[in-house]
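Data first, discussion second: the structure below is written as structure tokens.
Where a number appears in this text, it was derived from the coordinates with a stated rule and is not lab data. Keep in mind that what you see is a predicted model, and the values were worked out from it rather than measured. Neighbour counts are summed over all protein chains in view; Cβ atoms, including those assigned to glycine, are modelled from backbone coordinates with ideal geometry.
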Amino acid sequence: MIPRILATDSAEPSGVGRMMLTLAAALPRGSVRLLFPDHALGRALVTEAVGQGVIAAVVAEGGWHRAFAHAPLINIHAGIGWEGHGLCAIARAAGAVVVRTEHLPWLLTDPGQIAAYAAALADTDAVITVSEGSERTWRSVLSAMRPNLPLTAIANGIAPPVPADGDDAGGLLCVARLTPQKNHRVLLAAMARLPGNVRLRLAGTGPEEAAIRRRIARLGLNAELLGHRDDIPALMAGADVLVLPSAFEGLPLVVLEAMALGCPVVATRIGGVVEALGEDHPWLVPPGDRRALAAALADALGKPEDRARVAAHQRQRFADRFTAARMAAETERLFHRLQKTRTQSMTTRLGFIGAGGIAHRHFGVLEQMEDVAITAIADPDTPRAEDAGKRFGAAVFADHAAMLEAAELDAVFICVPPFAHGEIERACITRGLPFFVEKPLSLDLTLAEEIAAEVEAAGLVTAVGYHWRYLDTVDAARAELARNPAHLMTGFWLDQTPPPQWWWREDGSGGQVVEQATHIIDLARFLAGDVTEVYGIAASRRREDFYGLDVPTATTATLRFAGGAIANLSATCILRWNHRIGLHVFADALALEITDHDIMVDVGRGRPVRRAEGDPVWRQDRDFIDAVQGRENRIRCPYAEALQTHRVALAISKSAASGAPVKMEVLRSNPQPFFRAAAS
């Protein structure tokens with residue numbers, strides 16, 4: 001099972017991170033993964049999570065796309081309403097169910113921030129608030145922005161803290177970040193109205209620390225700043241009262257800890273605090289009212305019998321309503337319901353035409369996607385089709401026409417040899433079926449151009465299997481070359497002869513450049529723009545163990561690009577092993593070496609190599625499925641784009657056969673624009 005993800009991009013995920021860790025620890029082991037930004041607090045939370053058996057990691061800037069890949073559901077936790085927007089967009093691009101958890105009530109007032117939040121809701125499937133009080137503030141906002149967006153209050157919960165022996169210090173304890181939200185100024189003003197023997201201890205750190213120290217000294221208060229503490233249960237055991245004077249809260253964990261440990265609470269009458277303690281709690285005061293706070297503190301400190309009664313009531317209320325187990329159960333039910341709804345409402349029914357090796361590459365990817373079902377498979381090789389049909393419980397057909405006539409499909413994958421294209425694509429176009437087609441498009445350029453025109457006229461979603469475009473290393477190369485364009489490129493496809501006999505014949509595969517090295521041509525176009533001129537030379541050598549082989553056994557070609565770059569491509573199938581496949585790119589003081597599994601970037605300070613991360617075929621297939629489902633179309637190579645690459649491959653073969661250069665139609669001098677997924 002691929003774990004769901006709980007993630008935050010908060011720069012200071014103190015309470016948020018603690019809540020995420022509590023939830024992850026209470027959910028079924030291994031069912032979720034925690035992700036935090038790569039900073040000191042994030043690393044500390046990961047260390048703590050791993051110690052509790054929770055899967056967790058930090059994510060460096062720019063690494064969220066890879067971190068989110070394949071996750072079925074991603075729960076973004078926002079400490080305040082301007083956080084998490086970028087993560088929601090990346091999660092949506094990854095194809096996940098996207099859930100936002102809002103840890104505070106609605107607080108945004110800036111028009112720009114409100115507009116940004118409204119825009120981010122397009123990438124969200126549901127919103128969770130951590131208290132019913134917070135839910136009321138969000139409901140009025142979301143009803144205007146996205147009226148039908150599911151909104152659910154799941155009250156925070158915690159694992160019962162382990163009781164500890166206190167130090168019998170008595171007095172007041174405040175556990176809170178030293179920030180304006182927590183209203184320490186009001187608390188200190190209230191302390192000034194209490195007898196001098198009342199002691200206050202403040203646990204926590206934050207930007208208000210220096211100002212709080214000065215105010216304590218100026219007022220002459222019996223107060224001590226304890227800094228960050230890991231022994232909160234012991235501090236609560238030694239205190240008479242926990243005080244929390246916050247201006248606003250979601251549902252504060254420190255109040256739940258005090259309830260569980262039997263430490264009476266004096267707090268402000270706000271949102272989740274009232275929800276936690278109950279409307280009948282005797283020591284709730286208006287936020288910002290120092291006189292009312294002082295009176296409540298004096299009352300609580302002066303009535304030990306009432307404190308004992310309140311403590312017992314708090315313990316029972318915690319056990320009934322605010323355990324981590326209850327929170328996890330409610331969250332799990334919501335996650336399950338959202339994923340089930342997605343699966344039922346957005347399951348894309350796929351038909352496969354062709355069940356050979358490349359189809360199996362897609363099978364392995366698509367079966368990971370919960371919103372995809374392979375329901376029909378057509379292949380004239382009956383045993384092969386039946387084996388694939390058993391794997392997915394799919395209907396099996398001997399030809400594409402029978403499959404398209406009988407099966408109810410949302411899209412089709414076309415995985416057939418080069419010579420078999422044409423009728424299949426046209427049958428899909430006639431039925432209005434989006435299709436993904438494996439390269440090359442056809443051996444007949446005129447046919448491919450006609451299909452491209454028919455696809456455009458029909459407005460169909462299409463994609464072609466140039467998966468190198470989806471390598472994260474290629475994204476990195478594009479980023480380099482956007483600032484420093486390519487000047488010279490050298491491509492290689494130096495390999496063995498594939499076993500299918502149709503591949504050995506010109507009228508079956510079109511040759512190695514058309515059937516294999518087309519990936520390198522497409523990569524060069526993706527990095528440097530369109531080709532204006534091609535000159536190819538080919539050579540053939542007889543091979544006794546490949547009877548009937550008539551494709552060139554070696555080809556070299558020179559390409560000129562509209563942007564000014566030139567390139568050389570070398571291909572051979574005479575080897576008995578895979579020797580080298582890739583593209584070398586040279587720009588001003590920059591050399592790149594790109595393969596389908598790594599990249600080397602040389603700027604004169606060594607030759608560091610970085611492995612590619614993630615599965616480009618998964619990304620490619622996910623983009624196609626998302627577009628079919630009506631989401632954002634991020635397909636990097638639709639049929640019309642693939643046709644430009646195919647023209648270059650066929651031009652190389654034409655030039656090699658005629659001995660003359662081939663001029664190409666110029667469409668653009670630069671690579672196609674960066675896609676959001678590629679640029680992020």
- Task: Estimate the FRET efficiency between Arg349 and Asp545 by the formula 1/(1 + (r/R0)^6), using the beta-carbon distance for r and 45 Å for R0, to the nearest 0.05.
- Result: 0.55
- Would you please name the GluC sites (Glu not before Pro) within region 403-432 that are DSSP coil residues with at most 15 other C-beta atoms within 10 Å of their C-beta? Glu408
- Query: When the Cα centres of region 140-219 and region 545-621 are compared, how far apart do they sit, in Å?
  - Reply: 59 Å
- Query: When only DSSP loop residues count, what trypsin sites (Lys or Arg not before Pro) in region 476-567 have their Cβ near at most 16 other Cβ atoms within 10 Å?
  - Reply: Arg505, Arg541, Arg542, Arg543
- Task: Report, by chain and number, residues whose modeled amide H sits under 5 Å from the one on Glu533, excluding near sequence neighbours (fewer than 5 apart, same chain).
- Result: Arg560, Met664
- Taking region 467-679 and dividing mean pair separation by its residue count, relative contact order in percent (alpha carbons under 8 Å, at least six apart): 31 percent
- Could you pull out every residue, at least 5 positions away or on a different chain, whose amide H is within less than 5 Å of the one on Asp598? Hs are placed 1.01 Å off N in the peptide plane, and Pro or chain starts have none. Ala612
- Of all DSSP beta bridges in the chain, antiparallel share, percent nearest 5: 35 percent
- Query: What ranking of Val50, Val32 emerges when the number of other C-beta atoms within 10 Å of each C-beta is taken as an exposure proxy, fewest first?
  - Reply: Val50, Val32
- Message: What does the C-alpha gyration tensor say about the overall shape of the chain? Classify as rounded when a/c is under 1.5, otherwise prolate if a/b is larger than b/c, or oblate.
- Response: prolate
- Diffing region 497-507: the Karplus 3J(HN,Hα) column from phi (6.51, -1.76, 1.60, θ = phi - 60°), in whole Hz with x for Gly and Pro, holds 8, x, x, x, 5, 4, 5, 6, 10, 4, 7
- Would you list which lysines come within 27 Å of Lys340, measuring only between C-alpha atoms, while excluding same-chain residues fewer than 8 positions from it? Lys390
- Query: List the aspartates and glutamates whose alpha-carbon lies under 19 Å from that of Lys654, not counting same-chain residues fewer than 8 positions away?
  - Reply: Asp444, Glu449, Glu506, Asp507, Glu515, Asp522, Asp530, Glu533, Asp550, Glu665
- 1/(1 + (r/R0)^6) with r = Cβ-Cβ of Asp110 and Arg136, R0 = 25 Å, i.e. FRET efficiency to nearest 0.05, evaluates to 0.70
- Per residue of region 564-579, in order, report the coupling 6.51 cos²θ - 1.76 cosθ + 1.60 (Karplus, θ = phi - 60°) as ³J(HN,Hα) in whole Hz, putting x for Gly and Pro. x, 6, 10, 8, 10, 10, 10, 9, 8, 10, 8, 7, 10, 7, 7, 9
- Under 5 Å between amide H atoms, partner at least 5 residues away or on a different chain: which partners does Phe397 have, H built in plane at 1.01 Å? Ile377, Ala378, Asp379
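Over the chain, what is the relative contact order in percent, taking alpha-carbon pairs closer than 8 angstrom and at least six residues apart?
Averaging sequence separation for qualifying contacts and normalising by length gives 9 percent for the chain.
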